[in-house]
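Reading through the structure tokens given below for one structure.
Bear in mind these aren't lab numbers, they're just calculated from the coordinates by the rules spelled out. The shown structure was predicted, so the numbers you read here are calculated from the model rather than taken from an experiment. Heads up, the Cβs are rebuilt from the backbone with ideal geometry, glycines too, and the neighbour counts pull from every protein chain shown.
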Amino acid sequence: MSIACQIVVCGSIVPDPLQTLEPVSGATGVSLKNEMMLPSVLDPWAAHALFEAAHLAKKLPGSKVWLVSLAPKAKLQQVMMSVAQKVPFELVAVDGPASGFTDAAEVAAVLADAVKAIPGLDHSKLLVFGGWESASRGAGSTMQMIGERLGIVDQFQGVDELTVNGDGSMRILERVEGGKHQVSVCKGFPALLGWATGNLPEPVNNPQVGMVNMRAVMPALQKAKPAKTAGEGLKFASVSLPKQLRETKVVKDMTPDQIAAELVEWIAKD
Amino acid sequence: METILFLAHTEADGTLARAALETLTAARTAAAGLGDAELMVGLFGGKTQEGAAQTQGAGAKRILGVTGADFSQPRYASDAAAAEALCREAKASIVICPATSRMARVMSGVALRLGGKVDTHITGLKAEGGVLSVNRWYYRQRMEAVLQRTQRPWVLLLEGGCHEAWKGTGGTASVEAVALALPENCKRTVVEGLKAPANDQQTIRPDAGILLVAGAGWTKAQADGKAHVEDAEKIILDFLECAQASLGGSKSVVDLGGEGQAVLRFMTHLNQIGQTGSTPRHAKGLSTCCHGEEPHVVGWRFINERRAIDLDTNCGWAHGKADVLYVADAFEVMKKVNALLGAKA
């Protein structure tokens, strides 16, 4: 196959999912308590997008992958130490907040500008990837708005599968309601895909890939331009943890027959 | 004065789905709460007349429609064009839409085209003192925020199951056609259809009354020191069939395949609930063989009544999160549950 593409993956960092999170309000708005101290990971769905991008680039010789990320650069550097071991990519870093409380439209504007500034990017070969939602804001908005700003009207969200055909057309499976996929065929690049889980396992660490990536990651982080998000017009009236504690009744002394009978009665009850 | 546009796509037969009718109720509530707000209806799809009729009695000042074959299939380019045209025609300051996959795919892009703002996954909406506040969750349902915005237009996508569905008064409705010629570059994508598991393999049922959450414990060694994955598969599938339940899986059970371990063959990433999965809404939830603390438990945050079966008395999945924890062997209990449900059928 002689179809090469340029894949730009947009993805930021989020607190490690196993961390305890607590919102705090201050003069600068809402944030997470000790946010800068929390260990971070690449946003899970963005990570899937990155792995799918690398997989596709490998199948289409002459293709290249960029990772465009808006995050505090010190935190991003930590995350890159592990992500860079996985697949080949070139980092484009923008130094700014990775908080879930930032406005998706402002983040999209920053990221779209960063994509436009990539030297030698050819719109006719462009695929923009990202997670369909983040694990922070979880809005599913940013990617659509990046696509709009880049003039891409072939957009797909909740993507689990992409096949690039020999004629350059693409077959795409998007998640829809009821555990089904919508099957679409797009004539060709450019397109934007917000990935769900995809089908690939997480790649194993490859020190050689890591060494090559890190040579470019450090300069990219040093060159990262600062970006501010103002959250203009957005007011958080409150942010709180759910009152999630229930009075759990622990049943230890019932036989399986008794439990089954109780469950069946419970299931049948309106 | 706010102009509230209830905006939705119609189904293949021209009607509105339940999620859309729930959103119409919310839009009416917002309009009433904001005092002098005007309510309008905007519909797009292959056919719109049937859906418009369902909105009768809701108090809409105008019912607008973008109708035609070009708008029958869910496709970003055509759906965004239709939604944008309807919002502009209505001069809407607040646009309220159901968070179906079709609307969620386009409305953030549409908000940008309109020069407005968007908030998605809205679970609550309140209008008080002329101010509209909305609830949504952050960090994968781990904290809830109440938001207000001054920018207009403000596009809101409402989650299903949060409002009663609007029951129209019936009769015919007059749809004002909004003309829209779709440019050729908006037709580069063709929707071929849906890919669904065979009926007997369908394990995700959004309308089910009960969600069964299966954890990795189903695939682990049991009391005899051996794993009984085939037994587990049969027990789970039998329960789904007997109770017409939907199936959710913890991240650990879904990831087993990628790790080369024994798997429940019907369990895919589409079943995954929690941080990187879905947060389905069902009246009841029964978790079996699930382990882990917060944040794994967010997957059943929106389940009203929750029970769990686990051999671990201190199961973190259940303590403080389930109403009842049965300390028992899920294999034994669920076999008997299936037998009882089968006998009742």
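Annotations
- Cα-based Lys pair tally, segment B:199-344, threshold under 26 Å, eight or more apart or on separate chains: 26
- Of all DSSP beta bridges in segment B:3-186, antiparallel share, percent nearest 5: 25 percent
- Diffusion constant of segment B:199-344 at 10 °C, which comes from Stokes-Einstein with the Kirkwood Cα-pair radius and 1.306 mPa s, µm²/s: 106 µm²/s
- Counting every other Cβ atom within 10 Å of each residue's Cβ, A:Lys252, B:Lys126 order from fewest to most as A:Lys252, B:Lys126.
- Gyration tensor analysis over the Cα atoms of segment B:3-186 returns equivalent ellipsoid semi-axes of 24, 19, 15 Å (largest first, whole Å).
- Between 0 and 90°, nearest 10: helix A:256-268 axis offset from chain A longest Cα axis: 70 degrees
- Kirkwood Rh in Å, taken over all unlike Cα pairs in segment A:152-257: 20.2 Å
- Each principal axis of the Cα cloud of the protein assembly as shown was taken in turn, and the coordinate range along them, longest first, works out to 69, 65, 54 Å.
- Angle of helix A:44-59 to the longest C-alpha principal axis of chain A, folded into 0 to 90 degrees and rounded to 10: 40°.
- The length gained by stretching the chain between A:Lys187 and A:Asp167 to full extension, at 0.36 nm per residue less their Cα-Cα distance, is 6.3 nm.
- Cα-based equivalent ellipsoid, segment B:110-158: semi-axes from gyration tensor eigenvalues, Å: 19, 15, 8
- Number of partner chain Cβ atoms within 10 Å, mean per residue of A:245-256: 6
- Between segment B:163-214 and segment A:16-58, the Cα center-to-center distance that results, in Å: 32 Å
- Taking A:Asp154, B:Asp207 and counting other C-beta atoms within 10 Å, the order from fewest to most: B:Asp207, A:Asp154
- For segment A:90-149, pairs of C-alpha atoms spaced more than 19 angstrom apart make up 29 percent of the total.
- When both bridge partners sit in segment A:55-208, DSSP labels roughly 45% of those beta bridges antiparallel.
- Pairs of alpha carbons in chain A whose separation is greater than 24 Å (percent): 53 percent
- Fraction in percent of alpha-carbon pairs per bin - 10 Å, segment A:54-137: 14, 47, 35, 5
- Orientation-averaged projected area, Cα convex hull of chain B (nm²): 19.8 nm²
- Put in order of Cβ neighbour count within 10 Å, fewest first, the listed residues B:Asp310, A:Asp160 become A:Asp160, B:Asp310.
- Rg to Rh quotient for segment B:146-252, alpha carbon positions, Kirkwood Rh: 1.16
- Largest first and in whole Å, the equivalent-ellipsoid semi-axes of segment B:1-106 read 21, 14, 12, each the square root of five times a Cα gyration tensor eigenvalue.
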